[in-house]
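The values are calculated or read from the model by the stated rules, or taken from the named source; none is laboratory data. The model shown is predicted, which means the values in this text are computed figures rather than measured ones. When we count neighbours, we look across all protein chains shown, and the Cβ atoms used for this are built from the backbone with ideal geometry, even at glycine.
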């Protein structure tokens, strides 16, 4: 299996090269040269596999430069009851007829990002040890990616993590979860701006090839293909859990800001998983809803981004959309390069002529959810099921109910544990409602926090990275 850039100007790469590189040399995103195809017979053979067994069967189709026995070891080390509180790893719960919840908040930091990030932590350590290398991981987070990455990489040999987040824009729990880490290899950078500013800084640094090479810069954001691959697994797992035969078709509704989680669903569908529709749920930052409704992609400026009660979706430039559009335009790298040149220039593009393919060939639909609708959905879901959902998941449940077709089975993907958004949950369920919180996270907001506030400037961030890497090297 080889990987190619969506921009078409980078050499083909192996999985381990992709794992450590992040963006392609030409600024594009890395994609498998082709999608392995899964037959109905194979799906039926997978029905009784455990989560680790299924993950191995899927991932080995995309990874041929890690020996099978080593890959199996890394997967088995990751997906344990100790790490995810259940042998099922990502269990499915029925909310009502034809509406299910895929539980993804069982990992160490209580968010769906753990499912991929825990595996990446082991993969990074394994590959770096084999190659006798070190890496400095650069990431941006709107809430959950940062903590998932940091808890997966803390204390890992040969790895430093520099995580950018929008200063003051996350929930108190999310900030405390990240900033309270005192590990020497973890560096939290609070940027004076929005998530999209953080993401733009990441891309600017990734595009500086000399800096990237000199300081061994890698990335942990969902632009890293390995994260998308790890998330593909739970689409297959949930499908096999819900259906009885492999001719049944079900749909998925996914809260989305950066288009990573639902991009994994697109990959699963392209592999042959019988997915009917992929429904994108946005909040007030509805750039993705607009695209999937009209074919027009109009990224907003950071100043236009709404700060909402679902902060992990407060994003106006969806990095992973490029992966889908690459398939939409039949992998025409020249067209992708032209389209994203417009995006880089602060403009957008119009693919209205492809809207039928978007909806019918690729199965995408969308909807948006406001704060008031999230609050009501949290309340009504609890009243009818006694299940408390976080505000991002509420966006998915709301949109799924709004766009559901007759007799359509829809699985909503959970984003995080409600405890991470206590203020919003209590707005919906009452100010004295006891939002459940795992014991190890009690009082997290009172712990000492370590972070550095920096301006929205890539050069300043590079200076901070350079100084800390050099200081770290001198102390060894």
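Structural remarks
Rundown of residues vs (1) crowded, with 21+ Cβ neighbours inside 10 Å; (2) under 22 Å from residue 445 (Cα atoms); (3) modelled with pLDDT under 95, yes/no style:
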residue	(1), (2), (3)
188	yes, yes, no
192	no, yes, no
197	yes, no, yes
206	yes, no, yes
213	no, no, yes
220	yes, no, yes
250	no, no, no
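- Candidates 246, 238, filtered to the one that is touching a residue at least 12 places away in the same chain (Cβ under 8 Å) and either assigned to a loop (DSSP other than H, G, I, E, B) or at positive phi (or both): 246
- When residues in the stretch 317-335 are screened for being more than 15 Å from the chain's Cα centre (by Cα) and under 20 Å from residue 256 (Cβ atoms), 4 of them pass.
- Checking 38, 63, 58 one by one, the residue that is assigned to a helix (DSSP H, G or I) and buried (at least 16 other Cβ atoms within 10 Å of the Cβ) is 58 and no other.
- Checklist (1) outside any strand (DSSP E or B); (2) in contact with a helix residue (DSSP H, G or I) (Cβ under 6 Å, 6 or more places away or on another chain); (3) closer than 23 Å to residue 374 by Cβ; (4) touching a residue at least 40 places away in the same chain (Cβ under 8 Å) applied to residue 449, failing item: (3)
Condition check ((1) modelled with pLDDT of 95 or more; (2) touching a strand residue (DSSP E or B) at 6+ places or on another chain (Cβ under 9 Å); (3) surrounded by fewer than 16 Cβ atoms within 10 Å (Cβ to Cβ)) across all residues:
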{"site": "364", "(1), (2), (3)": "yes, yes, no"}
{"site": "372", "(1), (2), (3)": "yes, no, yes"}
{"site": "389", "(1), (2), (3)": "yes, yes, no"}
{"site": "408", "(1), (2), (3)": "yes, yes, no"}
{"site": "425", "(1), (2), (3)": "yes, no, no"}
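- Cβ-Cβ contacts under 9 Å between residues 6 or more apart (or on different chains), taken from a first residue in the stretch 335-361 that is at positive phi to a second residue that is surrounded by fewer than 17 Cβ atoms within 10 Å (Cβ to Cβ) and not in a helix (DSSP H, G or I), are listed as 346/301.
Residue-wise test of (1) touching a helix residue (DSSP H, G or I) at 6+ places or on another chain (Cβ under 6 Å); (2) part of a helix (DSSP H, G or I); (3) modelled with pLDDT of 95 or more.
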site	(1), (2), (3)
393	no, yes, yes
396	no, yes, yes
399	no, yes, yes
411	yes, no, yes
440	no, yes, no
460	no, yes, yes
469	no, yes, no
473	no, yes, no
